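Chemist: I am attaching a structure below and will ask some questions about it afterwards.
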Amino acid sequence: MGGISLQSFRNDSQPAVVGFLHRPATPNNDGMVLTHGAGSDCNSALLVACAKAFTGAGFTVLCCDLPFRQSGKPPHFSATSAARDREGLRNAAAELRKMVAGKVFLGGHSYGGRQSSMLAAAEPEVADGLLLLSYPLHPPRKPEQRRTEHLPNLQTAALFVHGTRDPFGSPEEMEQAVKLIPARTSVRFVEGAGHDLVSKRKAAAQGEPVAEQILEYFVEFFGAEPSSGAKS
C-alpha cells in the first residue's frame, strides 16, 4: 500500500502503550486501536492485515500489545491482569485521540475484543465504536460458560465479525448473545472460517486473512467512507 507510514510506538503511561503506528497517506481523520488475542501479539497475521486494510482506507491505526504480553512472561489471566489490560486499552485510545480529530474505534481479536467491549461497557466515552473479531463467547466445548455478563450494559455501537466454524461460538449462539446489547449492533460471518477468521479454502488460495472483507463490513455498518485518494 503506497504512501503508508509505519513506525514503532511506545509511551510512558502506566501501563505503557507499545506497538506499531500505521499512518495513512490521505487521512480520513478517524483512528482505530487494534489488539490481539490471548495467544498472539500485535504482529499477528490478522492484525497486520487489518491494519494495512484500514490504513489504506484512511484510518490511523495503532496496533498494540496488551500489558500481559508486554511482560514477556507466559500469560497468567486473572481479574487483576484483565483489569490492567483494559487500562492499557484506555491509554491506547487516549493516545490515538491526540492524533486524530475524528472518531476513535476499538478493535480486537478474541480476548482483545472482549476486553475492549468490557471497557466500553464500563466507560462508554472511551470509543465511538467497536470492531470485535472472533468474540470468544465461551470456551470450546463449554457453551454453558457464556461471557455475556457485561453485554446488557454496552451502549457503544459494535460490529462483530465471526467465523462460521469458530469453536468459541456458533453463528446461532452469537446472534442470540448480541440481542443482549442495547446499542446498535451487527454480526457478520466469514463462511468456513475458524477462530483465526481464515477460511481454510481461501487460505490455500490466498494465504492471508480476510482483512478487506472485514473492512467492507465495517464501512457498511459504521458508514465510514474510505478517504478519497487513499490507496490500497
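Chemist: Within the range 69-102, can you find the residues that are hydrophobic (A, V, I, L, M, F, W, C) and crowded, with 21+ Cβ neighbours inside 10 Å? If you could, list the steps in order and put the result at the bottom.
Modeler: Restricting attention to the range 69-102, the residues satisfying the condition of being hydrophobic (A, V, I, L, M, F, W, C) are 77, 79, 82-83, 89, 92-94, 96, 99-101.
Of everything in the range 69-102, those that are hydrophobic (A, V, I, L, M, F, W, C) and crowded, with 21+ Cβ neighbours inside 10 Å turn out to be 89, 92, 93, 96.
Chemist: Right, next: Under 8 Å by Cβ, and 6 or more places apart or on different chains, what pairs join a residue from the range 73-88 that is on the phi < 0 side of the Ramachandran plot with one that is at pLDDT below 75?
Modeler: 81/75
Chemist: Go through the range 26-44 and give me each residue that's under 17 Å from residue 101 (Cβ atoms) and of a type outside the set (Ser, Thr, Tyr).
Modeler: 27, 28, 29, 30, 31, 32, 33, listed by residue number.
Chemist: Taking only pairs six or more apart or across chains, which ones have beta-carbon atoms under 6 Å, a first residue in the range 152-167 that is without any contact (Cβ under 8 Å) to a residue 40 or more places away in the chain and among the hydroxyl-bearing types (Ser, Thr, Tyr), and a second residue that is outside any strand (DSSP E or B) and surrounded by fewer than 24 Cβ atoms within 10 Å (Cβ to Cβ)?
Modeler: 156/124; 156/183; 164/171; 164/191
Chemist: Would you check which residues across the range 88-98 are under 16 Å from the mean Cα position of the chain (by Cα) and over 13 Å from residue 127 (Cα atoms) and list them?
Modeler: 88
Chemist: Continuing with the same structure: Give the range 77-135 a look and list any residue that's closer than 30 Å to residue 164 by Cα and among the acidic types (Asp, Glu), or say none.
Modeler: Result: 85, 128.
Chemist: Considering only residues of the range 1-54 that are of a type in the set (Phe, Trp, Tyr) and at pLDDT 90 or above, which is nearest to the chain's Cα centre (by Cα)?
Modeler: Restricting to residues being of a type in the set (Phe, Trp, Tyr) and at pLDDT 90 or above, the top hit is 54.
Listed here are the residues, each with its yes/no results for (1) more than 21 Å from residue 139 (Cβ to Cβ); (2) in a loop (DSSP other than H, G, I, E, B); (3) touching a Pro at 6+ places or on another chain (Cβ under 9 Å).
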| site | (1), (2), (3) |
| --- | --- |
| 27 | yes, yes, no |
| 39 | no, yes, yes |
| 42 | yes, yes, no |
| 46 | no, no, yes |
| 69 | no, no, yes |
| 81 | no, no, yes |
| 87 | yes, no, yes |
| 93 | yes, no, no |
| 96 | yes, no, no |
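Chemist: Is the range 146-155 home to any residue that is under 21 Å from residue 48 (Cα atoms), assigned to a loop (DSSP other than H, G, I, E, B) and not hydroxyl-bearing (Ser, Thr, Tyr)?
Modeler: Scanning the range 146-155 turns up no residue that is under 21 Å from residue 48 (Cα atoms), assigned to a loop (DSSP other than H, G, I, E, B) and not hydroxyl-bearing (Ser, Thr, Tyr).
Chemist: For the range 138-161, state whether one or more residues are surrounded by 17 or more Cβ atoms within 10 Å (Cβ to Cβ) and on the phi > 0 side of the Ramachandran plot.
Modeler: Scanning the range 138-161, I find no residue that is surrounded by 17 or more Cβ atoms within 10 Å (Cβ to Cβ) and on the phi > 0 side of the Ramachandran plot, so the answer is no.
The values are calculated or read from the model by the stated rules, or taken from the named source; none is laboratory data. Computed from a predicted model, the values in this text were never measured in an experiment. Methodologically, a virtual Cβ is constructed for each residue, glycine included, from the backbone with ideal geometry; neighbour enumeration extends over all protein chains shown.
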